[in-house]
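To keep things clear, I will list the structure first and then write my remarks on it.
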Amino acid sequence: MNSPLLTQNQVNPEAVSPLLDVSVVVPIYNEVESLPRLVAAINDSLQDTDLNYEILCIDDGSTDGSTALLRDLTQQYSTLRAVILRRNYGQTPAMAAGFNHARGQSIITLDGDLQNDPADIPMLLAKLDEGYDLVTGWRKNRQDAALTRLLPSKIANWLIGRITGVKVHDYGCSLKAYRAELVADMNLYGELHRFLPALAFIEGARITELPVRHHARQFGNSKYGLGRTFRVLLDLLTIFFMKKFLTRPMHVFGLLGIIATALGILFGLYLTFLKFGMGQEIGDRPLLILVAVLISTGVQFFSLGLLGELLMRTYHESQGRPIYRVREIINNKQ
Ligand code: UDP
Ligand code: MG
């Protein structure tokens, strides 16, 4: 049966009232050798707890037989559900699909290549229960190539920390635990899944990190190379602007516009005075060019602010997204 297509913003009705304690969301793209061990390991980590859980594998257009294997594994494991995407979309859309289909009150994400250790899951859940909205893993002993992976990642982590103001050591770690409400209203684009802590922080979430184990890839190949670094940096720019301007574009661009226009008018008046008051030639004055540039950029900044305001309103109102997030409502229940 074909399930109706869900956009990222439409929360799956199944997810509205969580039925389970935990959903473990795993994006799978050509991980056929890892899959059996992965599912077994996740089961091992959770079956001795008294939690109701599901393992939700998102097959992101695999071509190596992972899809057929998932079909078999769902027969073996009653806790396993698989969502098969129509083609390869990338890790972020795969995770978004997982979030939309997850039915748990808490959501764990991890990679499907066994680089994250499923045995860490209970520890993350325990931390979440201490009152956090997001617990992110920190691969203290990361087992990846030094030059192409660790170095870019160190730089990226530092930069992301500086720009977003969220101080965690390792943004790239997929092993994370979330409260379901937190991800329900978060939209993911590009490679934004690694910025979930930052996005969550903008939404006012309580975030912490926990050192987790990390293993070298045993099977298959990494789907990424150095190119990812640049995409991550571009996404970082998006986050930077979202954090700064999302709900008040006019405050930023309007102010710039007013300053530029005012300076332009001021210098323009000065030049007018020189020309008509003092009879000087002003045609060869660089200041004249500056006046033109200041006034035209000023007007543009101002218009950009206005457009930003309109777009921002459309963004929030068309999706019914309030500009605030409620943590809880306290009632006198008598
Ligand atoms: N992945 C995916 N779609 C993609 C690329 C990757 O679902 O287009 C999955 C992949 O199967 C793995 C996880 O995302 O479970 C992380 O990928 P990978 O291990 O290649 O990244 P790395 O650990 O090298 O950063
Ligand atoms: Mg990996």
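The values are calculated or read from the model by the stated rules, or taken from the named source; none is laboratory data. The shown structure was predicted, so the numbers you read here are calculated from the model rather than taken from an experiment. When we count neighbours, we look across all protein chains shown, and the Cβ atoms used for this are built from the backbone with ideal geometry, even at glycine.
Side notes on the structure shown:
- Any chance His316 is of a type outside the set (Val, Ile, Thr), part of a helix (DSSP H, G or I) and closer than 22 Å to Ala184 by Cα: yes
- Yes/no for Ser23 being buried (at least 19 other Cβ atoms within 10 Å of the Cβ) and within 15 Å of Gly104 (Cα to Cα): yes
- The set of residues from the range 103-152 being closer than 17 Å to Ser45 by Cβ and of a type in the set (A, V, I, L, M, F, W, C) comprises Ile107, Ile108, Leu110, Leu114, Ala119, Ile121, Met123, Leu124, Leu125, Ala126, Leu128, Val135.
- Subset of the range 222-280 that is part of a helix (DSSP H, G or I), within 16 Å of ligand 1 (Cβ to nearest atom) and of a type in the set (D, E, K, R) - its residue that is farthest from the chain's Cα centre (by Cα): Arg228
- Within the range 153-177, being part of a helix (DSSP H, G or I) and within 15 Å of ligand 2 (Cβ to nearest atom) holds for one residue alone: Ser153.
Each row is one residue, and each column tells you yes or no for (1) in contact (Cβ under 8 Å) with a residue 12 or more places away in the chain; (2) within 16 Å of ligand 2 (Cβ to nearest atom); (3) of a type in the set (D, E, K, R); (4) out of contact with any Asp or Glu (no Cβ under 8 Å at 6 or more places or on another chain).
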site	(1), (2), (3), (4)
Gly220	yes, yes, no, no
Lys223	yes, yes, yes, yes
Arg228	yes, yes, yes, no
Arg231	yes, no, yes, no
Thr238	yes, no, no, yes
Pro249	yes, no, no, no
Ile259	yes, no, no, yes
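- Some residue of the range 120-138 being within 16 Å of ligand 2 (Cβ to nearest atom) and either among the aliphatic types (A, V, I, L, M) or not in a strand (DSSP E or B) (or both): yes
- Scanning the range 156-173 for residues that are free of Cβ contacts under 8 Å to residues at least 60 places away in the same chain and hydrophobic (A, V, I, L, M, F, W, C), we see that the one that is surrounded by the most Cβ atoms within 10 Å (Cβ to Cβ) is Cys173.
- Single match in Ala126, Ala97, Ala102 (criterion: over 20 Å from Ser222 (Cβ atoms) and surrounded by fewer than 19 Cβ atoms within 10 Å (Cβ to Cβ)): Ala126
- Condition met for Asp144 (within 16 Å of ligand 2 (Cβ to nearest atom), modelled with pLDDT under 95, surrounded by fewer than 20 Cβ atoms within 10 Å (Cβ to Cβ) and of a type outside the set (Lys, Arg)): yes
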